[in-house]
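Please read the structure below before turning to the comments.
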Amino acid sequence: MSSNFSEYNEENEKKSIRKAIMDYYHEGHVKSNPELYDNILHDEWKFFLFDEKKQLRIVDKAEYLSWYDPEKVNKDLTWTTEFYNVDVTGDNAAVKLRIECEEVGYIDYFNLMKIKNKWWIVHKLSHKIK
């Protein structure tokens, strides 16, 4: 296999990951819609964060999805997502991004796995920046 073929595939995988994150994770924030997150968060997904008291908190997918309700979305917010890094090795990937709106902002770290030809976020670490 030539190195050009490997690089080409890696770039395609990076594009696929960015698109999936924008289509489902970013838009999940924009629309406060748990159904969008359900298309990218693996069923065994876990979210690791420090709460207000700096205590480690681990949130499962069901709890996380319960935080979102399209009926209560604030349509006046403008969400932006900036990718800092997308690193792919085979069917595994790591992503660092910044997602924010006028009210909140986070630096998120995702671990992803390609399962049955689809990229899934399996873990999330998050740091609140505002």
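Among the residues making up the stretch 91-107, a single one is farther than 14 Å from Arg18 by Cβ, surrounded by 15 or more Cβ atoms within 10 Å (Cβ to Cβ) and among the β-branched types (Val, Ile, Thr): Ile107. Touching a strand residue (DSSP E or B) at 6+ places or on another chain (Cβ under 8 Å), surrounded by 10 or more Cβ atoms within 10 Å (Cβ to Cβ) and over 17 Å from His127 (Cα atoms): which single residue out of Trp67, Trp79, Trp45 fits that description? Every option except Trp45 fails the conditions. Checked against (1) within 17 Å of Ala20 (Cα to Cα); (2) in contact with a Phe, Trp or Tyr (Cβ under 6 Å, 6 or more places away or on another chain), Glu82 meets all criteria but (2). For the residues His26, His42, the requirement of being in a helix (DSSP H, G or I) and either within 21 Å of Lys130 (Cα to Cα) or not aliphatic (A, V, I, L, M) (or both) singles out His26.
Scanning the stretch 31-41 for residues that are surrounded by fewer than 18 Cβ atoms within 10 Å (Cβ to Cβ) and either within 13 Å of the chain's Cα centre (by Cα) or farther than 23 Å from Phe83 by Cβ (or both) turns up Glu35, Asp38, Asn39. Taken as a whole, the structure leaves Val122 outside the set of residues that are over 12 Å from the mean Cα position of the chain (by Cα), buried (at least 16 other Cβ atoms within 10 Å of the Cβ), aliphatic (A, V, I, L, M) and outside any helix (DSSP H, G or I). Report yes if some residue within the stretch 64-84 is touching a residue at least 60 places away in the same chain (Cβ under 8 Å) and assigned to a strand (DSSP E or B); otherwise report no. Yes, the stretch 64-84 contains at least one residue that is touching a residue at least 60 places away in the same chain (Cβ under 8 Å) and assigned to a strand (DSSP E or B).
Every number in this text was worked out from the coordinates using simple rules, so none of it is lab data. Nothing here was measured: the structure is a model prediction, and the numbers come from that model. Quick reminder, even Gly has a Cβ in these numbers, built from the backbone with ideal geometry, and neighbours come from all protein chains shown.
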